[in-house]
Structure formats: C-alpha cells, structure tokens
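Just so it is clear, none of the values below were taken in a lab; they were calculated from the coordinates. These numbers were taken from a predicted model, which means no experiment stands behind them. Here the Cβ positions follow ideal geometry from the backbone for every residue, glycine too, while neighbour counts run over all protein chains shown.
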Ligand SMILES: C[S@@+](CC[C@H](N)C(=O)[O-])C[C@H]1O[C@@H](n2cnc3c(N)ncnc32)[C@H](O)[C@@H]1O
Ligand SMILES: [Zn+2]
C-alpha cells in the first residue's frame, strides 16, 4: 500500500473522530485521496500521506535545517527514556501528538504502544520531514494544523500528548473524551544544562526555570500528577553538532559556533516533567 492509501484507511477507521476545521461539521467520506466534509470542504491527502488543514503557511522559528538536525538527534534516541514514561501513562487508543515537530516522537510512540497516532504541527517543513522516507509500521497520520483549531470532533480523542510544545487548553478540553488523558511534557530546570553553561557561562540564559509554563498548566487544571525524568545522554562529535544546530537556545552564540563545536560535550542532561490530567 502507498502512503495515500495508508492514510485513507487510517482516516476511514476514525472518520467520525475528525471534524472540518472550516465549518466544524462532520466529515462524510474519504474519496479519491481527499477528505470531504458534509458541506463539501475538501482536504487532499498529499503523496507523503499528510493532510494540510492550513491554507496559509506559517513561519515558525524552526528552519528545515534545524528540523533535520533535530530529526538526527531524536532518531539517535535522545527522548526514548522520556517517551517510555509517556506511553506508560496512555490508556486510550486514539492519540494526538500535539505539536509533533518532525515526527520522531509520534513514530516512536506508534511503534511502542498499541494505538492509532496522529501527529499535528503548524510547520509545513516539519510535517514534510515527518512524511519522508519509508512508511512507518504501524502507520501514524501526519497533518499540518493549528492547535487553536484542531480538526477533531468534540471528545474525538482518547489521549493528547503535548511534548515541549505550546498548548491550547480550550481545544484540548473540547476534543478530549471523558476518561481520556492529557499528557504534557515540559523541560525540567536542568534540561540541556551543560549546553546552556557552555554557550552562556553567565547571564540570564545560563539557567532555566520552568515555573511559568508549569504554573500556567496547573492553573488550568485542578489535579495534575507530575513525574520527573532525568538522565544523561552520551554525545559524540556528530551528535553534539546536531544538538548545537537543532535548538534556538544557541542562536545568540552563532558567532562563537566554531569554538563551541571544538570544545564539545561528552554528555548532556535530559530532564523533563511529565504532567498527566485525567478527564
Ligand atoms: C520545541 S518544538 C517540539 C516539537 C516536538 N514535540 C519535539 O519535541 O521534538 C515545538 C513545536 O510546536 C509547534 N507549534 C507551535 N505553535 C503551534 C500551533 N499553534 N499549532 C501546532 N503546532 C505548533 C512548532 O511548529 C514546533 O514544531
Ligand atoms: Zn466543512
């Protein structure tokens, strides 16, 4: 089966869990590689199997080059111990990876947890990378869309995973089914600490405090259960180069790039806080 057929089958199995982001009505069918709503709004499934729910491209801070380096770094397993913890908290079987970036997290979860995964991101270059290469097995569906206008029906999702990405709690509340869970991953205060200290030995960027993001999350929900995950990820020259280039954290150090790459790092701290809300 090609990617358009794989995507069509995926959508058919969940047709009533999607919703047209233009008129908020149901989708009625998937025909000739397009998803069509009851009011005849039509969304083509691209050759790579991805759907485009946004008409106008949105520029994000992530360029294709940065996304490729991120892809290289995440494929090397940087997030795996964190993702292991995330999937241990999933109870449903129709899961949105909200703000999935270049899709490595979605693919990893789909191959380690028995459920149907959708990866959604506002960045077209990110979803292009997600849809490239051999069709993953099992097949996650990737789409360009906006968290503020999710193309899912009310209570259409059993689980929302939101990793290091912005959230839209109003849309999460609308689309999450009763009994479902929201799993939000935020960076811990020591996330990438060695890189921060190497790049910014002092000043405001030398340390990170996740309190504003964490507080915004807690303010919205009565009960959030947090788990902290902390581990070291070993680096070699190639991986350090990928790390340096994948994050906006190093932007202000571009002029010192050669010296920093020369110094390098042997390992990097991965620290996350995983908050779970059950509905
Ligand atoms: C730090 S990246 C994290 C990506 C991925 N979850 C990961 O951990 O590699 C944040 C992502 O959020 C996406 N994003 C930002 N605003 C968004 C929105 N309104 N709707 C969907 N995605 C959005 C960006 O395009 C970007 O890919
Ligand atoms: Zn419509």
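Rounded to the nearest 500, the helix-only mean residue ellipticity at 222 nm of the chain stands at -9000 deg cm²/dmol, with each DSSP H run of n ≥ 4 adding -39,500 (n - 2.57). Normalising the average separation of contacting C-alpha pairs (under 8 angstrom, six or more residues apart) by the number of residues puts the relative contact order of the chain at 19 percent.
Among 192-202, 45-55, sorting by the average number of other beta carbon atoms lying within 10 angstrom of each residue, highest first, gives 45-55, 192-202.
Applying 1/(1 + (r/R0)^6) with R0 = 35 Å to the Cβ-Cβ distance of residue 226 and residue 40 gives a FRET efficiency near 0.20. Between helix 3-13 and the chain there is an angle of about 60 degrees, using the helix long axis and the longest principal axis of the Cα atoms. Relative to the dominant Cα principal axis of the chain, helix 211-220 is inclined by about 30°.
Here, the chain yields an orientationally averaged convex hull projection of 14.4 nm² when only Cα atoms define the hull.
Taking every DSSP bridge with both residues inside the chain, close to 55 percent are antiparallel. Between residue 31 and residue 197, the modelled labels are 6.3 nm apart [label points 7 Å from Cα along Cα→Cβ].
With the simple spin-label model, which puts each label point 7 Å out from Cα in the Cβ direction, the residue 256 to residue 137 separation comes to 4.9 nm.
Kindly provide the Kirkwood hydrodynamic radius of the stretch 176-232 in Å, to one decimal, from all pairs of distinct alpha carbon atoms. Evaluated over the stretch 176-232, this radius sits at 13.6 Å. Report note on the peptides 156-165, 81-90: ranked by the mean count of other C-beta atoms within 10 Å, highest first, their order is 156-165, 81-90. Highest mean packing comes first when the peptides 15-23, 112-120 are listed by Cβ atoms within 10 Å, giving 112-120, 15-23.
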